[in-house]
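What follows draws every value from the coordinates through simple rules; no lab data is involved. Fair warning: this is a prediction, and the values are worked out from it, not measured in the lab. Methodologically, a virtual Cβ is constructed for each residue, glycine included, from the backbone with ideal geometry; neighbour enumeration extends over all protein chains shown.
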Amino acid sequence: MEQTHPAPQDIFAALRAEVLACLRRLLPDLPEEALARVTVEPPRDASHGDMSTNAAMVVAKVAKLPPPKLAADLAAALAALPSVAEAAPAGPGFVNLRLAEAFLLGQVATVLRAGEAYGDSPAGGGVRVNVEYVSANPTGPMHVGHCRGAVVGDALANLLAKAGAAVTKEYYINDAGAQVQALGYAAYWRYLQALGTTLTEEDYAAAVPGGLQYRGDYLIPVGEALKEQHGDALAPGAVPADASLWLDTVRGFAVDAMMVAIREDLAALGVEHDVFISEAKLVRDGVADAAIAALSEKGLVYEGVLEPPKGKLPDDWEPRPQTLFASTKFGDDVDRPLRKSDGSNTYFANDIGNHADKIARGMQQLVQVWGADHGGYVKRMQAATKALSDGAVPLDVLLCQIVKVMKGGEPVRMSKRAGTYITLRDLIDEVGRDAVRFTMLTRKSDAQMEFDLDKVVEQSRDNPVFYVQYAHARCRSVLRQAGDLPRETLAEAPLASLKDPAELALIRRIAAWPRTVEAAAAAREPHRIAFYLGDLAGDFHILWNRGRDDATLRFIQADAPEATQARLALVAATAIVIRSGLAVMGVQPVEEMR
């Protein structure tokens, strides 16, 4: 076999460009817009080849040619390319392609020269994308539900950046609502405890609007810190009973303390945001009111009375005039209130301000990760974003379903620290950061999942975390044994000896990495990276096991230096792609399994 030449990073994109070039030669009068739906993808049945294109089917009507005839002509043109070993028309107008081995093998050198930048894509075009995720109310420690959203959002942001977007990772601090006020009352109770109050918790809770909602031990240090800073100046004897005279101070202090704890929890998970935006500050700065005024100028805000909600009897409904946003003009089910009966903003109105702020900062696409319980909120927020940007800034929302934590076959119900739920720290302490992150990405975000604490630490192929990390550790073991040759050296290795079907299958999988990045980014589905890595690890383990059964397939052979160099190059390329994928997931690769 002739010496290989490095292939382009994305061979699917390269072959699509060749298909388009062939079509232009065959049909010089074909309008460019007719080519937009041409795809080059792996065939559903691997026995049909390496790639398949729908080109003849999607342009035949415009070209006024029968699809089978056009497919035959296109196949003949593609078969003449040096990168193609075989091109054959199939079905109603597909063309199946089998790549030339030299072209396929060249992908190994391409990976080695690119390093972990292999798979980086220009597809995102540097578009400014704001990814907002976590955005938990600062009322307590991060819990398991927050954990899933944090991992999904962080991995998605990494994925979009690898696919060529200019990404801003954002945390929106919900510090202006009733829950934060409830936090203030709870922190004040811990302050009174620190002062040694004789008031019972039940009596205090009875006096608090809405009752004492947050009773976890995590607020004890907050109460003690309030005592240290203010002494007894905030106590009932020093401050009148009117809570408005101390609530703002205590609430602000508690929110700051909770945000410190939240940042620490996120850091333990390996999550760092670029921007933290305060809802309360946006309200104080008049951002929400300005956004509503802008919508009003567009004729999208009016005074009206909503119909009663579905399922409610008329006597349950009190119609009253409200300030409404005409969200039905943008695909929502009903128009939405912007003001409460007391004249203050609804949560939705403040959220409009949040999105207006993102747009004002020059964001061209908005992506948000929410809990599944916010599913009913998606249409109205997308409507508001369309209205604010005149349709120029799209909003994509990923919903994360609940996570059920299991141990010993039984649900794990609560944390001693939080009092009512399992904290993110509990999870990390039990199985480690990387296992948490990887496992959270093994299912699509909108599917419910069980996080089995026993399974996550199990060393078996049924555990995807172990299976992928073990593949990388095996790669590194081989490369260390061979003296850790520089990848630039291995990139020059002749690869003609890589002929075994298991070797070629591994190369094909490696070559699919750039396309996987682009497809996963376009679909906003970071779990695809975990699936890909599982398949890549499986292909490598198959090759490893083939070497156990067939000595001629072992990676290092003293009497076959050229074959050894070729296989070391393949092993090094495999390790690079695993590291590239793990980096998207925010997971550290392991050098050896202990």
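Some notes on this structure:
- Looking at the stretch 251-296, the pairs of alpha carbons with a distance over 13 Å make up 68% of the total.
- Each of the peptides 459-471, 198-210, 158-170, 478-490 was scored by the mean count of other Cβ atoms within 10 Å over its residues; in descending order, highest first, they stand as 158-170, 459-471, 478-490, 198-210.
- The alpha-carbon atoms of the stretch 241-349 define a convex hull whose volume equals 205 cubic angstrom per residue.
- Between Ile173 and Ile277, Ser278, Glu279, the built amide H atoms are under 5 Å apart, and every one of these is 5 or more places off in sequence or on another chain.
- Percent of C-alpha pairs per 5 Å bin, the stretch 11-99, short to long: 3, 17, 30, 29, 16, 5, 1
- For Gln557 and Ala583, a Förster radius of 45 Å and the Cβ-Cβ distance give a FRET efficiency of 0.90, rounded to the nearest 0.05.
- Angle of helix 247-268 to the longest C-alpha principal axis of the chain, folded into 0 to 90 degrees and rounded to 10: 20°.
- Summary value for the chain: 17 percent relative contact order, contacts being C-alpha pairs under 8 angstrom separated by 6+ residues.
- The chain: antiparallel DSSP beta bridges as a percent of all, rounded to 5: 50 percent
- Under the Debye formula (equal points on every Cα, no solvent term), log10 I(q)/I(0) of the stretch 459-585 at q = 0.11, 0.14, 0.23 Å⁻¹: -0.37, -0.60, -1.44
- 3J(HN,Hα) along the stretch 75-85, derived from phi through the Karplus expression 6.51 cos²θ - 1.76 cosθ + 1.60 where θ = phi - 60°, amounts to 4, 5, 5, 5, 5, 7, 6, x, 7, 10, 8 Hz, with x in place of Gly and Pro.
- Packing rank of 431-444, 133-146, where each peptide gets the mean count of other beta carbons within 10 Å, highest leading: 133-146, 431-444
- D (Stokes-Einstein, µm²/s), Kirkwood Cα radius, the stretch 178-264, 1.306 mPa s at 10 °C: 124 µm²/s
- For the chain, the average shadow cast by the Cα convex hull is 34.8 nm², which is a quarter of the hull's surface.
- Violating pairs (Cα-Cα greater than 27 angstrom) within the set Lys162/Lys329; Lys340/Lys379; Lys281/Lys340; Lys169/Lys407; Lys329/Lys404: Lys162/Lys329; Lys169/Lys407; Lys329/Lys404
- Relative to the longest principal axis of the Cα atoms of the chain, the long axis of helix 101-114 makes an angle of roughly 40 degrees.
- The angle separating the long axis of helix 527-549 from the principal Cα axis of greatest extent in the chain is about 40 degrees.
- Relative to its residue count, the stretch 285-406 spans a Cα convex hull of 149 Å³ per residue.
- Theoretical ellipticity at 222 nm over the chain - DSSP helices of four or more residues, -39500 (n - 2.57) apiece, nearest 500: -15000 deg cm²/dmol
- Candidate aspartates and glutamates for bridging to Lys298, where Cα separation is under 19 Å - those fewer than 8 sequence places away on the same chain excluded: Asp289, Asp332, Asp335, Asp351, Asp357, Asp390
- Around the amide H of Arg524, modelled in the peptide plane, lies no amide H under 5 Å away from a residue 5 or more places distant or on another chain.
- With a Förster radius of 30 Å applied to the beta-carbon distance between Asp462 and Arg113, the computed FRET efficiency rounds to 0.25.
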